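What follows is a single structure, written as structure tokens, with notes after it.
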Amino acid sequence: MEVERLSKIMAARGLCSRREADRFIERGLVRVDGVVVDRLGTKVSPEAEIVLSEGAAAEQAELATFLLNKPIGYVSGQPEEGYKAAVSLIKGTSQWRADRSARTFSGDQLRGVAPAGRLDIDSNGLLVLTQDGRVARTLIGEETSVEKEYLVRVRGELDERGLTRLNHGLQLDGKALKPAKVKWQNRDQLRFVLREGKKRQIRRMCELVGLKVVGLKRIRIGKVVLGNLPEGQWRYLDTLEQF
């Protein structure tokens, strides 16, 4: 019978990240077909019933996910020379006053937090930072197809053929891009909806059709929108929201 690592199966089912799975297994918080498994590296059937204990589920409920309106000039991940990391904006004084969450901010919520996707230093808008491996996998896992929507100000001339190529027909790094949804928002601004996130993808796509990007703002990830969240401020992902 074919078997796989328990942590890999748990991550594939979206129960948690592989790192979280290992932690729960070590602490005896995982049952497989009704039996507690507490040995790392355990392999089980892909069809096995896997259940997290109430303790593990409670820990997951405490994991924080932040929605930040990132300004230009901040890097999404690790700080770089001369630039701060976006996570430095996550503090009590920058929480949006209109945040409806009942949660109270504490420094513990920043432990292990990481961006779930990139937003370039010269771009602004919605950035997700999370402690929750399930959220990260949903947004940046290998099989993700979550839409990301952007407003993009451009300079240059774009004919119908160029617009058609932006929607489908371009290649980056020798590979064809997935179909996109691109249309004019107004006379100098395009609306992009993508289901992938290659490095500086929109800027490079625009260059291929003779356009220069002069402003790029992400306004939606999945069903979660930037809305009226002020620049440089953040709010919690609401318990009723899903990407």
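The values are calculated or read from the model by the stated rules, or taken from the named source; none is laboratory data. Fair warning: this is a prediction, and the values are worked out from it, not measured in the lab. A quick note on method: Cβ atoms are made from the backbone with ideal geometry, for glycine too, and the neighbour counts reach across all protein chains shown.
Miscellaneous remarks
- Taken together, LEU229, LEU208 contain a single residue that is in the same structural domain as THR130 (by TED's automatic domain parsing) and at pLDDT 95 or above, which is LEU229.
- Pair list, Cβ < 9 Å and 6+ apart or interchain, from the range 1-17 residues that are over 12 Å from THR138 (Cβ atoms) and of a type in the set (Ser, Thr, Tyr) to residues that are part of a loop (DSSP other than H, G, I, E, B) and at pLDDT 90 or above: SER7/LEU40; SER7/GLY41; SER7/THR42
- Residue within the range 31-39 that is over 30 Å from ASP99 (Cα atoms) and buried (at least 16 other Cβ atoms within 10 Å of the Cβ) present: yes
- Residue check for VAL182: at pLDDT 95 or above and either under 30 Å from ARG18 (Cα atoms) or of a type in the set (A, V, I, L, M) (or both): yes
- Taken over the range 157-179, the criterion of being among the charged types (D, E, K, R) and in contact (Cβ under 8 Å) with a residue 24 or more places away in the chain is satisfied by GLU157, ARG165, ASP173.
- For first residues located in the range 126-137 and farther than 18 Å from ASN228 by Cα and in the same structural domain as ILE72 (by TED's automatic domain parsing), partners that are among the aromatic types (Phe, Trp, Tyr) and part of a helix (DSSP H, G or I) and lie 6+ apart or on another chain with Cβ distances below 9 Å do not occur.
- Candidate set: the range 57-107, residues that are β-branched (Val, Ile, Thr) and surrounded by 11 or more Cβ atoms within 10 Å (Cβ to Cβ); chosen: the one nearest to the chain's Cα centre (by Cα): THR65
- The listed residues are GLY197, GLY174, and the only one of them that is at positive phi and not basic (Lys, Arg) turns out to be GLY174.
- Taking residues in the range 59-86 that are touching a residue at least 24 places away in the same chain (Cβ under 8 Å), and partners anywhere that are assigned to a helix (DSSP H, G or I) and of a type in the set (S, T, N, Q), the pairs with Cβ atoms closer than 6 Å and at least 6 places apart or on different chains are ALA64/GLN109.
- ALA136 being among the aliphatic types (A, V, I, L, M) and touching a helix residue (DSSP H, G or I) at 6+ places or on another chain (Cβ under 6 Å): no
- Residue match in the range 78-93 (condition: part of a strand (DSSP E or B) and among the hydrophobic types (A, V, I, L, M, F, W, C)): yes
- Filter pass, LYS183 being surrounded by fewer than 17 Cβ atoms within 10 Å (Cβ to Cβ), in a strand (DSSP E or B) and of a type in the set (D, E, K, R): yes
- Unique residue being of a type outside the set (Ser, Thr, Tyr), surrounded by 14 or more Cβ atoms within 10 Å (Cβ to Cβ) and over 14 Å from the mean Cα position of the chain (by Cα) when the list is LEU139, LEU126, LEU110: LEU110
- Matching entry among VAL182, VAL214 (being under 30 Å from SER94 (Cα atoms), touching a residue at least 12 places away in the same chain (Cβ under 8 Å) and over 19 Å from the mean Cα position of the chain (by Cα)): VAL214
- Residues satisfying the stated conditions in the range 26-77, i.e. more than 30 Å from ARG220 (Cα to Cα), among the small types (Gly, Ala, Ser) and assigned to a loop (DSSP other than H, G, I, E, B): GLY28, GLY34, GLY41, SER45, ALA48, SER53
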